[in-house]
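Reading through the structure tokens given below for one structure.
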Amino acid sequence: MEWPIFQMPFIGNRMLIAIIGTIHVSISHGMAVGGSFFIVLLHYISIRTDNQRLNELVFKVLGIFFIITTSVGALTGVGIWLSTATVSPGTIGSLLHIFFWAWFTEWIVFVSEVILIMFYYLGWDKYGSKTGFKIGVVYVAASWLTMMLITGILGAMLTPGQWLATKSFWSGFFNPTYVPQLMTRTFIAVLLSIAFGLFITRLHKDYRDQWPEVWKFAGKSLLIASPLFLLFVLSYYNSLPLQISHLTSTALMTMKYATWAYLSKIFYISIVILMMIFGLILLTKKKDYVLLSFIPAFLMVFAMGNMERVREFIRKPYTIHQYLYSNALREDEAPFLNKTGVSAHLGWAERSAKETDPQLRLGEKIFKLECSTCHTYSGINGITKKTNILQNPELNENFLKTYKRSHPFMPPFIGTDAERTALALYLDKIVKEANGKTNVQPSEGNK
Ligand code: HEC
């Protein structure tokens, strides 16, 4: 709570992170982790068959992966840090406390990964095929290792498991969904890289004679990797809902998620069937199909987006399940704050508050602290658009008292009765202001 409060106008904090995150994950999985598999295996085929033309084509494709991963990929990686630490310094602070050494190691491995791809790409002619290939293999390992480390942290946020009791690094890192999530990510990376690889290969029309080699390789890889992906993604999903539905006691959330999980499964099965059909076509026909270089990339980005969306969705209202709420208030400090109030600790919100009326000012600060992580004023998930619920101070207050049961994806209201009343008044004021009605003397509204 001693942290500055940041509100991204219009698109909101969640969407800001989602945009940067989606770009980063597509590139890091598809072009760095998976891309390294794709390139190094094709490189191997070119050495084994002594095919110089294929070798050149692989180098060209690597060039594009190299430029994109080291520019957009690396920048959005930093962007995730910057945006998440700005939006929720409390969450990143907590995670750093728990996982400092994992992140530290990941940083070293990441720097090694960048150095390795530089040697691999820039030294392609210099180091010759054999040594170059070895550098490539180490590059694959380093790329995968970064994912292996980050998945531990992501998994712990969703299913901290034993960590809640032990608070030990290892029980957090090797949490209940760690292995299935890591394996799912590995195969999603492989599939994405094939999809991107097909697309990028098509851009190199001078090497048209080598395309059938790539189609054959891609077809085979799709046929092998797709069912494995399905196996792991299903095991990942099976490891999730029971746990989460036990944890979230409300029927609404469970029902909501149950349909999600069910639909997600059908969705993944359909995608995998499609990918296998594409694989079969590529392998047997070895022909140049324009659509086949676009559709798999589109489907896989969509599949991955869905996976990340569900992961974030079922974690609500927490950033670390059962420990830290999305607004960076800790679950275990709620009873204390309900007695003493949150406003005593609002240094930064105090500075940025605009209201002059003391009660409205208090409400504004509490809104910024407890609600603004997920609600903008009038943009995406805008609070002033919730006119069906926020009709007048009494109804607002009633909502704040009861929404814990009806809306389990929002953190419960934390604070004293006076603070709740102040928030109800402030909500009333901003809703009426935004919807063109002038408020009836806000400070008297609840007397
Ligand atoms: C973890 C994110 C999160 C936080 C924090 C949060 N909300 Fe929400 N809130 C949501 C989501 C998601 C919805 C549902 C949006 C939708 O699908 O319509 C929602 C819906 C609402 C609604 C409309 C409910 C309805 O049934 O139509 C109100 C009112 C609301 N929130 C008020 C608040 C207030 C006040 C706070 C702060 C005390 C708050 N929210 C904090 C995520 C959050």
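The values are calculated or read from the model by the stated rules, or taken from the named source; none is laboratory data. Note that the coordinates shown come from a computational prediction; the quantities given were computed from them, not determined experimentally. Virtual Cβ from ideal backbone geometry, glycine too; neighbours counted across all protein chains shown.
For every residue, the table says whether it meets (1) of a type in the set (Lys, Arg); (2) more than 30 Å from residue 210 (Cβ to Cβ).
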position	(1), (2)
264	no, yes
278	no, no
284	no, no
294	no, no
297	no, no
301	no, no
305	no, yes
308	no, yes
311	yes, yes
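Looking across region 373-384, the residues that are surrounded by fewer than 21 Cβ atoms within 10 Å (Cβ to Cβ) and either hydroxyl-bearing (Ser, Thr, Tyr) or more than 9 Å from the ligand (Cβ to nearest atom) (or both) come down to 377, 378, 379, 380, 382, 384. Against the conditions (1) surrounded by fewer than 17 Cβ atoms within 10 Å (Cβ to Cβ); (2) on the phi < 0 side of the Ramachandran plot; (3) more than 16 Å from the ligand (Cβ to nearest atom), residue 50 satisfies every one except (2).
One line per residue, one yes/no per condition, for (1) surrounded by 19 or more Cβ atoms within 10 Å (Cβ to Cβ); (2) outside the structural domain of residue 56 (by TED's automatic domain parsing); (3) modelled with pLDDT of 85 or more; (4) within 20 Å of the chain's Cα centre (by Cα):
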residue	(1), (2), (3), (4)
5	yes, yes, no, no
17	yes, no, yes, yes
23	no, no, yes, yes
26	yes, no, yes, yes
32	yes, no, yes, yes
37	yes, no, yes, no
44	no, no, yes, no
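Every condition in (1) at pLDDT below 95; (2) buried (at least 23 other Cβ atoms within 10 Å of the Cβ) is met by residue 58 except one, and the failing one is (1). Can residue 36 be described as of a type in the set (S, T, N, Q), out of contact with any strand residue (DSSP E or B) (no Cβ under 7 Å at 6 or more places or on another chain), within 30 Å of residue 382 (Cα to Cα) and part of a helix (DSSP H, G or I)? So residue 36 fails the test.
Could you please let me know if residue 436 is surrounded by 21 or more Cβ atoms within 10 Å (Cβ to Cβ), at positive phi and either assigned by TED's automatic domain parsing to the domain that holds residue 350 or among the small types (Gly, Ala, Ser) (or both)?
Here the answer is no, as residue 436 does not meet what is asked.
Of all residues in region 388-410, those satisfying the criterion of being within 9 Å of the ligand (Cβ to nearest atom), assigned to a loop (DSSP other than H, G, I, E, B) and within 19 Å of residue 429 (Cα to Cα) are 388, 389, 390.
Return the only residue of 346, 360 being more than 8 Å from the ligand (Cβ to nearest atom) and more than 22 Å from residue 13 (Cα to Cα).
Being more than 8 Å from the ligand (Cβ to nearest atom) and more than 22 Å from residue 13 (Cα to Cα) holds for just one of 346, 360, which is 360.
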